[in-house]
Amino acid sequence: MRMKKIGLLGLALVLALGLTGAGFAHWQDEVYIEGTVEMGDFLVGWLEVLEEDDNEDENDPIKEVGDVTQVLSLPETGVHHLPPETVYKMLTITITNGYPQYESHCKVSLKNAGTIPAHIVDVIVTPGAGLFAANEASWDLNLNPVDWELVDADGDVVLDLVICKQETLLSLICNQLEPCTAEPVDIDIEIKQDAEECHTYEFSVEIIAVQWNKADEYPFP
Amino acid sequence: MKGRLGKFGIAFLALALALGLTGAGFAHWSDDVQIEGTVEMGSLTLAFDYVEPPSCQEYYRDPATGALVEGEWLGKEVGDCDAWFDDYMEDVHSGKRGYKTLYIAITNAYPQYIVHTTFKLHNIGTIALDITEYIITGEKRDSTGAVVYDLLWYDPDGDYIGSLYEDVNGNGVVDAGDLEVINLEITNALPYQIDPCKTNKEEIDMEFKQDAEECHTYTIHVSVVAIQWNKA
């Protein structure tokens, strides 16, 4: 009797499994898509200091009074380059012992060390300690600024700053830098009559580059 | 001796009689018929087409009209794309050929770089099949090849027009803090059927977003799932 019960149970199990198979059985196949996306590198920076000079050799007798130095910092390396190339995100220009009509002339190289074309869309001059505002003073043929006057709290101009392309003297704005291409840049600073003795004036300049295909959309929302 | 032989004789006789009676009980003529069943199973085999290779095309979006234009902005050659089939296969049943894997390689990509890849699916088996599902996964890797984040497919309405997100918090679901890096669209609408010997052209479109990170590699895996048409 007990064997009969077990037999019936086994039969029920076989039937259940069979019905389950009928419900789920199907053939299936797959093909595969393997996508690999290697992102490019967008990297614009200062490559090297080309020259630093001032106007003191225009005087007679020539004196060495003021001084200007340029220091590159915050290195970044474009790993996609062969060989890899290092550029610097920060250029620090320091004038010591300045005086009215002292003029520094800096020449520096700006490079696209990435793999994506870069379009310079803006040059933003920001006044720092001792300065109040930075006003655009002159523009190139395309009406892009090349000259800024930095004024103190009284509204007096104490520094005049020129930033432009070395070869054409045009603004850096609306200038496209291809990958692996460098652009020599002139940065001239003139100290004006109203600059005060024993003061330190600071300012910063931000050169904004965006990928070339998005330049028309700058400033971005 | 004579008595013993008599006993044996009686026993033997009884045995012979018993066997004889048994034979009389079971003896009959018999015959049978047989069924020989032969079932040749078909084959359900989906492949990428052997004849027509895949192709990819770059686009940019015209900022004035929003329309896609072939090539890259201002005619430059910056990004690059390539597509090819691999993992050659033959369906043993039909003898037809195809490939199991489509590779898409995109290099030097940047935000708003757009790549469309077309490819042909071929039913090289003998059973009609339905394309029922795309299973989309992926990873973000750094320059050493190490996985930085998994990529999560986000397509709330299931039409395979969606985005891949970096799973920044690693919880396996798209939520706050995850970054959208690739818009991805696969045509055609599912499910659809491919009969044996028939092909169907499909397209997978990708557009890279602002948060896609420089100098990183995004690897995307798509499984195209097909099941027999009567079970779809």
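Among the listed pairs B:Lys100/B:Lys140; A:Lys63/A:Lys107; A:Lys107/A:Lys165; B:Lys76/B:Lys140; A:Lys214/B:Lys140; A:Lys214/B:Lys76, give every one whose C-alpha distance is greater than 18 Å.
Violating the 18 Å limit, Cα to Cα: B:Lys100/B:Lys140; A:Lys63/A:Lys107; B:Lys76/B:Lys140; A:Lys214/B:Lys140.
Would you please give the FRET efficiency between A:Gln101 and A:Val205, computed as 1/(1 + (r/R0)^6) with r the Cβ-Cβ distance and R0 = 30 Å, to the nearest 0.05?
Working from the Cβ atoms, E equals 0.85.
Would you please give the FRET efficiency between A:Gln193 and A:Leu74, computed as 1/(1 + (r/R0)^6) with r the Cβ-Cβ distance and R0 = 41 Å, to the nearest 0.05?
On the way: r = 35 Å, r/R0 = 0.84.
Efficiency for this residue pair is about 0.75.
For B:Lys231 and B:Val33, calculate 0.36 nm times their separation in residues minus their Cα-Cα distance, and state this gained length in nm to one decimal.
67.6 nm
Relative contact order for the stretch A:44-208: what is it in percent, counting Cα pairs under 8 Å that are at least 6 residues apart?
On the way: 424 pairs, mean separation 42.5, N = 165.
Answer for the stretch A:44-208 is 26 percent.
With a 10 Å cut-off between alpha carbons and a GNM built on chain A, which of A:Tyr201, A:Tyr99, A:Tyr32 moves the most?
Of A:Tyr201, A:Tyr99, A:Tyr32, the Gaussian network model singles out A:Tyr32 as fluctuating most.
Of the peptides A:109-121, B:56-68, B:87-99, B:121-133, how do they stack up when ordered by the mean number of other Cβ atoms within 10 Å, highest first?
Final packing ranking: A:109-121, B:121-133, B:87-99, B:56-68.
With no other cysteine's Cβ closer than 4.7 Å, which Cys residues of the protein assembly as shown count as lacking a disulfide-compatible partner?
Among the cysteines of the protein assembly as shown, those whose Cβ sits 4.7 Å or more from every other are A:Cys106, A:Cys164, A:Cys174, A:Cys180, A:Cys198, B:Cys197, B:Cys215.
Angle, helix A:2-24 long axis vs. longest principal axis of chain A, Cα atoms, 0 to 90°, nearest 10?
Approximately 40 degrees, to the nearest ten.
Label A:Thr36 and A:Leu170 with points 7 Å out from Cα along Cα→Cβ: what is the distance between them in nm?
So the two model labels end up 4.0 nm from each other.
Helix B:2-26 versus the longest principal axis of chain B: what is the Cα-based angle in degrees, 0 to 90, to the nearest 10?
Long axis of B:2-26 versus the principal axis of chain B: about 50 degrees.
Spin-label point model (7 Å from Cα, Cβ direction): what's the B:Lys209 to A:Glu56 distance in nm?
About 5.6 nm separates the two model spin labels.
Please sort by residue number the GluC sites (Glu not before Pro) in the stretch A:15-122 whose DSSP state is loop and whose Cβ has at most 15 other Cβ atoms within 10 Å.
Counting only loop positions with at most 15 other Cβ atoms within 10 Å, the GluC sites (Glu not before Pro) in the stretch A:15-122 are A:Glu64.
Quick note: the coordinates plus some simple rules give every number you see, no bench work behind them. The shown structure was predicted, so the numbers you read here are calculated from the model rather than taken from an experiment. FYI the Cβ positions are ideal-geometry reconstructions off the backbone, even for glycines, and counts take in every protein chain you see.
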